[in-house]
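Peer 1: Mind having a look at this structure? Questions to follow.
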Amino acid sequence: MIEEKLALFGGPKTIGRTFKKYNPIGPEEVAAAKEVVESGVLSQYLGVWHADFYGGPKVQEFERASESYFNVKHAITVNSWTSGLVAAIGAIGIEPGDEVIVSPWTMSASATAILHWNAIPVFADIESRTFCLDPDSVRANITPYTKAIMAVDIFGHSANMEAICEIAQEFGLKVISDSAQSPSAKYHGRYAGTIADIGGFSLNYHKHIHTGEGGILVTDDDVLAEKLRLIRNHAEVVVGPKGHTDLVNMIGHNFRLGEIECAIGIEQLKKLDRLVASRQKAAERITEGLRALEGLTLPIVEEECTHVYYVYPMTLNCDQLGVSRERIVEALIAEGVEGLLIGYQNIHLLPMYQNKIAYGSKGFPWSAGFCQREVVYTKGICPVAEQLHDESYIGYAICVAEMEESEVELLVQAFRKVWKNMGELQ
Ligand SMILES: *Cc1c(COP(=O)(O)O)cnc(C)c1O
């Protein structure tokens, strides 16, 4: 097979079929959802100070199960992880104009959650090894206005939490973990997301486990947990009757996750270990199969860490290969490889940041009097993230296919064939 002509030039395609779609939902979730629907109680929340302020039975059960799984004191469900991030930034007591250091190599909500409280995202660069925040760049971006660090555990691997927490301690900052893509990833014996002041996970359809939409916040801090619950559920009307006297950011939302989703979540959580193990097994076989290919850097798993492979990240050394990334990807796609992503996010380059137009048309919040300095978003502030995006990074969306043994084998063959014929692409 690998001796044959590239499909790009009319040769036979290595992968002649679409891989079976990853689907973690089964009869258990159907039964759990049916039970809730039949009960007629699809959400039991009340947005007032009452026993039902904390949600109904499935919300409670899912939260207790999550606390036990992640080994945290508090798990708080929300209707999306975007909502969870907004609640987290509010709960840490952010003030308008405060700066929060965040990775540009992430889903946009990691940074917009900061803007939602009229605080200012400051983008630090990432490490090319893990694609997570580079602690040295975090340190270099600290100003007297910095209040927190939003560490993102991207693609399934934890950020360098030891170094990040050390910096946070030194400067008196809070740390939030966006572990949307890394549920069950281990970092020094603990779960990603549980090392920060507040962390959490997405339960969106595209993630390892899902409830359609949803999220879980985790924290060991009783005070932060209560603030998160208040922001989730109409804080402003609850604080008085509840006797909650700290009014900072007690502007509530409806971030509540319903009973059906939580019932599904309970079943999904039971499957998480197995689902993650299947991703890991596939990724390890891909790594074995591709290890010998020149100019291709495969995922790195740091000491005392595990990778849960939401994405299988790779970098190309195009100078060494003498072929552009776009040409290589074109050849792989022609071989039938689906789910390849060229580059990832450089959030700081989005039009909203480039033009500083968020709330209204006049540059708020950046233009407001409470901002004490001008934060810069020009290209060049995150050279590693920019180079990876523009030139060398490719990701394989390993979480979109079931990745049986035969599928892994086909994927590996496609890569090997392209590499064997690299000369033809020059
Ligand atoms: C998916 C994702 C989010 C947002 O989660 P939703 O549940 O879709 O709102 C935030 N951050 C990262 C890194 C994500 O991958």
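Peer 1: When the dipole is taken about the Cα centre of the range 112-156, and only Lys, Arg (+1) and Asp, Glu (-1) are charged at their Cβ, what size is it in debye, to the nearest 20? Don't jump to the answer; show the numbers that get you there.
Peer 2: On the way: 3 positive and 5 negative charges, 34 e Å.
The calculated dipole for the range 112-156 is roughly 160 debye.
Peer 1: Checking the a/c ratio against 1.5 first, then a/b against b/c, what shape does the Cα gyration tensor give for the chain? Walk me through the intermediate numbers first.
Peer 2: Details: a/c = 2.24, a/b = 1.38, b/c = 1.62.
Note, shape of the chain comes out oblate.
Peer 1: Related question: Shape verdict for the range 145-249, please, from the Cα gyration tensor: rounded (a/c under 1.5), prolate (a/b greater than b/c) or oblate. If you can, show how the numbers build up before the last one.
Peer 2: On the way: a/c = 2.51, a/b = 1.27, b/c = 1.97.
Oblate is the answer for the range 145-249, as a/c is 1.5 or above yet b/c matches or exceeds a/b.
Peer 1: Please state the relative contact order of the chain as a whole percent: Cα pairs under 8 Å, 6+ residues apart? Kindly include the intermediate steps, with their values, before the conclusion.
Peer 2: Values: 891 pairs, mean separation 98.0, N = 426.
With pairs under 8 Å counted, the relative contact order is 23 percent.
Peer 1: Stretch Lys356-His244 to full length: gain in nm at 0.36 nm per residue minus the Cα-Cα span?
Peer 2: Values: separation 112, 0.36 × 112 = 40.32 nm, distance 3.58 nm.
Gain on extension, Lys356 to His244, equals 36.7 nm.
Peer 1: While we're looking at this one, here's another question. Just to verify a number: FRET efficiency for Lys271 and Val376, C-beta to C-beta distance, R0 = 51 Å, to 0.05?
Peer 2: 0.70
Peer 1: List every residue whose amide H lies under 5 Å from the amide H of Ala401, counting only residues 5 or more places away in sequence or on a different chain, with H placed 1.01 Å from N in the peptide plane.
Peer 2: Tyr22
Peer 1: Tell me, Kirkwood radius of the range 30-81 from alpha-carbon pair distances, in Å? Mind showing how you got there, number by number?
Peer 2: Values: mean 1/r = 0.0819 Å⁻¹.
Kirkwood hydrodynamic radius for the range 30-81: 12.2 Å.
Peer 1: Could I ask something else about it? Report for the range 27-268 the percent antiparallel among DSSP-assigned beta bridges with both residues inside it, nearest 5. Provide the component values of the computation, followed by the final result.
Peer 2: Numbers: 13 of 29 bridges.
DSSP beta bridges in the range 27-268 are roughly 45 percent antiparallel.
Peer 1: As a footprinting exposure proxy, order Cys371, Cys132 by other Cβ within 10 Å, with the fewest listed first.
Peer 2: Working: Cys371 20, Cys132 24.
Final ranking by Cβ density, sparse to dense: Cys371, Cys132.
Peer 1: For labels at Glu402 and Arg327 in the simple 7 Å Cα→Cβ model, what's the distance in nm?
Peer 2: Label-label distance for Glu402 and Arg327, simple model: 3.8 nm.
Peer 1: Evaluated at 25 °C with a viscosity of 0.890 mPa s, what Stokes-Einstein diffusion coefficient in µm²/s does the range 27-268 have when Rh comes from the Kirkwood expression over alpha-carbon pairs? Please report the intermediate quantities before stating the final value.
Peer 2: On the way: Rh = 17.9 Å.
Estimated diffusion coefficient is 137 µm²/s.
Peer 1: Along its three principal axes, how long is the range 60-120 when you only count alpha carbons? Whole Å, largest extent first please.
Peer 2: Over the range 60-120, Cα extents along the principal axes are 37, 25, 19 Å.
Peer 1: Sequence gap at least 6, Cα distance under 8 Å: using those rules, report the relative contact order of the range 27-268 to the nearest whole percent. Before the final figure, lay out each step's value.
Peer 2: Working: 538 pairs, mean separation 64.7, N = 242.
Result for the range 27-268 is 27 percent.
Peer 1: Give me the lysines in straight-line cross-link reach of Lys227: C-alpha distance below 17 Å, same-chain residues under 8 apart excluded.
Peer 2: Cα-Cα hits under 17 Å: Lys73, Lys174, Lys242.
Peer 1: Can you list the lysines whose alpha carbon sits under 30 Å from that of Lys5, skipping same-chain ones fewer than 8 residues off?
Peer 2: By straight Cα distance, Lys5 reaches Lys13, Lys20, Lys21, Lys417, Lys420.
Peer 1: Taking neighbour Cβ counts within 10 Å as the exposure measure, how do Leu247, Leu46 sort from fewest upward? Intermediate values should be presented prior to the final figure.
Peer 2: Details: Leu247 11, Leu46 16.
The order, fewest Cβ neighbours first, is Leu247, Leu46.
Peer 1: Let me ask something else. Compute the normalised compactness of the range 233-358: alpha-carbon radius of gyration over 2.2 N^0.38 Å, N being the residue count. Numbers along the way, then the final one.
Peer 2: Values: Rg = 23.0 Å, N = 126, 2.2 N^0.38 = 13.8 Å.
That ratio works out to 1.66.
Just so you know, all these numbers are worked out from the coordinates, no wet-lab data involved. Just so it is clear, the model here is predicted, and its values are computed rather than measured. Reconstructed Cβ throughout: ideal geometry from the backbone, glycine too, with neighbour counts over all protein chains shown.
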